[in-house]
Amino acid sequence: MAQGAMMRVQQACVPAGVHGELAGMASTGATRVASVSFRGKGAVSLSTLKCRSARVRRVAATSAVLGLEKEVSEEAVASNAAAKVEDVQGVPAMEVDAVTEAELKENGFRSTRRTKLICTIGPATCAPEQLEALAMGGMNVARINMCHGTREWHTQVIRSIRNLNSEKGYSVAIMMDTEGSEIHMGDFNGAPSVKAEDGEEWNFTVRKLETVPERTTVVNYDGFTEDVRVGDELLVDGGMVRFEVIEKIGPDVKCICTDPGLLLPRANLTFWREGRLVRERNAMLPTISSKDWIDIDFGIAEGVDFIAISFVRTAEVVKHLKSYIRARAPNGSIGVFAKIESSDSLKNLEEIIRVSDGAMVARGDLGAQIPLEQVPSVQQGIVNLCRELNKPVIVASQLLESMIEYPTPTRAEVADVSEAVRQRADALMLSGESAMGLFPEKALSVLRTVSLRMESWCRENKQHASDRLPELSSVLQDRISENICNAASQMANKLGVDAIFVYTRRGYMASLLSRSRPDCPIFAFTDTKSVRQRLNLQWGLIPFRLDFSGDMESNLRRTFALLKARGMMKSGDLIVAVSDISSADLLQSIQVRRIP
């Protein structure tokens, strides 16, 4: 192609109204390899961030089942947590999760896990040393289920996690999960669980009992005895335990256990008649109950990073909650996740996901409302839609259910986890396995090692090389950001770079890069603590907290120096850098750089 024609092609690639500048290839050995920048107007403010020193006492829990990754030593994590990297004024300048830093140092860039891991905190994992063991094992987000525990207990767990982050160098985000207005069973006199055996007779009552008799459970829905009929089938936790109604006596419903299993306090309860889910008055209950609003106020006051809303039926509920949070939370920084766990959710799926900050595929309750054989295809559809709409998605419920009681998962469970990773879900979540299971650290280790192996297999076999994503927006500025991130990801894959750097204030371009699912890890640098915490949940992102200047070149040089000083990168490493921070002469840019 003639030189003039080539220049016309290059110019045509730059959106109208945006001035583009293309730098040529540098001489051999130079730091800058190539760059393209897009310039505009804006302003930048400086902030001072502190990196806290600490040391970590426990050794990471490695998989005794699969053994697919190198163990990160206690000394390495302690060294990283205690390290202070200071700028010229002597002020700590960069914060990153201590475990991630140790993994990068010991195992390299390609060893980092892209799929994020969420652990539900319960009696088995609420002590500070247990929480630290989970953080060491790779927990990115701690989930607090408001169905269980007291306000004092929730407060203490949140305090313990905050202390781990501030004192030990971790970066664990906190998700609060509301109870919702669906029908629930009550507690069992403080017992963590009760076993229902085949053929046992149980009493389901709406009476308010201070002490619950043996083989009795209180139902939270006053209309339960009126709605249920003899012959109906009661499903607990999406069918983990089943009962058949044999008699109604005033406020009591006598049932016989037909499928034995473990009953958990506050377990979800649905009932079926002639093969159909009975909705009736249950469908008229509000999505967010009065108790949920009290819990939401508590979560806002405690500064949780995410709130997950149970049994979302319409987009209006999510809009209302987000408006409520914006009016009460600092900077409206709490992400709202819609739990997709009912047939009503599926009817309004796209509208719900569009207005949410993310979604959770709650397969247990969802599987109680749709035919079992539809659950895998529905999961795949939700994961795909979330990625298309640039919303993080969590696959949850019964991933490693057998590990509540046994130290080794079934091979079917391993295959299920692998499939969720292959679908490229942002995060996987443990529920009972970590909340009240006998082997929470082992369960987390299995998730970690299976995720690492499956991610590696997908990269090696180019499983997603032909992925095509639709455009997100018709707005020029958003389209520029989207195309920059798509191009950066493609360039990173073709050049085999070590990492992608993104400098972002709101996290938007970091999320676009995550959506592209590049082969290399994404280092997301932000100057806001709340943004850094929220990025913990998105695929492939390693969030850093870092001071910004108004000059991109200065930011890059300073980042290189800090990362090299901490042993996370070395001279000769190749990176792609993009940015959406604003200054007088910089709007967005994409560069390919070699670490000097």
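Could you identify the single residue in Lys319, Lys391 that is under 21 Å from Ala173 (Cα atoms) and not aliphatic (A, V, I, L, M)? First the steps, then the outcome.
Values: Lys319 fails: under 21 Å from Ala173 (Cα atoms).
None of the others qualify; the one that does is Lys391.
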Checklist line | Which numbered condition Asp177 misses (of (1) open to solvent by 20 Å² or more (accessible area, probe 1.4 Å); (2) within 27 Å of Ile118 (Cα to Cα)) | finding: (1)
Check: Given the residues Ala327, Ala338, which is the only one that is open to solvent by less than 30 Å² (accessible area, probe 1.4 Å) and either in the same structural domain as Leu277 (by TED's automatic domain parsing) or small (Gly, Ala, Ser) (or both)?
Finding: Ala338
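What about Val395, is it in a loop (DSSP other than H, G, I, E, B), open to solvent by less than 30 Å² (accessible area, probe 1.4 Å) and not small (Gly, Ala, Ser)?
On the way: in a loop (DSSP other than H, G, I, E, B): no; open to solvent by less than 30 Å² (accessible area, probe 1.4 Å): yes; not small (Gly, Ala, Ser): yes.
No, not satisfied.
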Next item on the list: Take segment 145-161 and flag every residue that is without any contact (Cβ under 8 Å) to a residue 60 or more places away in the chain, surrounded by 15 or more Cβ atoms within 10 Å (Cβ to Cβ) and under 17 Å from Ile300 (Cβ atoms).
Entry: Val157, Ile161
Margin query: Looking only at residues that are small (Gly, Ala, Ser) and assigned to a helix (DSSP H, G or I) in segment 448-478, which one is most open to solvent (accessible area, probe 1.4 Å)?
Written below: Ser456
Next item on the list: Output the residues belonging to segment 296-322 that are closer than 22 Å to Arg151 by Cα and polar (S, T, N, Q).
Entry: Ser310
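Yes/no matrix, rows are residues, columns are (1) modelled with pLDDT under 95; (2) in contact with a Lys or Arg (Cβ under 8 Å, 6 or more places away or on another chain); (3) not hydrophobic (A, V, I, L, M, F, W, C):
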{"residue": "Glu351", "(1), (2), (3)": "no, no, yes"}
{"residue": "Ser356", "(1), (2), (3)": "no, yes, yes"}
{"residue": "Gly367", "(1), (2), (3)": "yes, no, yes"}
{"residue": "Leu372", "(1), (2), (3)": "yes, no, no"}
{"residue": "Ser377", "(1), (2), (3)": "no, no, yes"}
{"residue": "Gly381", "(1), (2), (3)": "no, no, yes"}
{"residue": "Asn384", "(1), (2), (3)": "no, no, yes"}
Next item on the list: Working only within segment 398-447, note down all residues that are in contact (Cβ under 8 Å) with a residue 40 or more places away in the chain, open to solvent by less than 10 Å² (accessible area, probe 1.4 Å), assigned to a helix (DSSP H, G or I) and within 26 Å of Leu385 (Cβ to Cβ).
Entry: Ala420, Val421, Leu447
Item checked: Matching entry among Asp259, Asp222, Asp252, Asp232 (being in contact with a strand residue (DSSP E or B) (Cβ under 6 Å, 6 or more places away or on another chain), farther than 21 Å from Gly432 by Cα, open to solvent by 20 Å² or more (accessible area, probe 1.4 Å) and outside the structural domain of Ser342 (by TED's automatic domain parsing)) -> Asp252
Notebook entry, point to check: Taking Arg143 and the conditions (1) over 30 Å from Asn189 (Cβ atoms); (2) at pLDDT 95 or above; (3) of a type in the set (D, E, K, R), which numbered condition does it fall short on, given that it satisfies the others?
Noted result: (1)
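The values are calculated or read from the model by the stated rules, or taken from the named source; none is laboratory data. Owing to the predicted nature of the structure, the values given are computational and were not obtained by experimental measurement. For neighbour counting, all protein chains shown are included, and Cβ atoms are generated from backbone atoms with ideal geometry for every residue, glycine included. Side chains included, ligands, DNA and RNA excluded: accessible areas come from the protein's heavy atoms. Shrake-Rupley method; radii C 1.70, N 1.55, O 1.52, S 1.80 Å.
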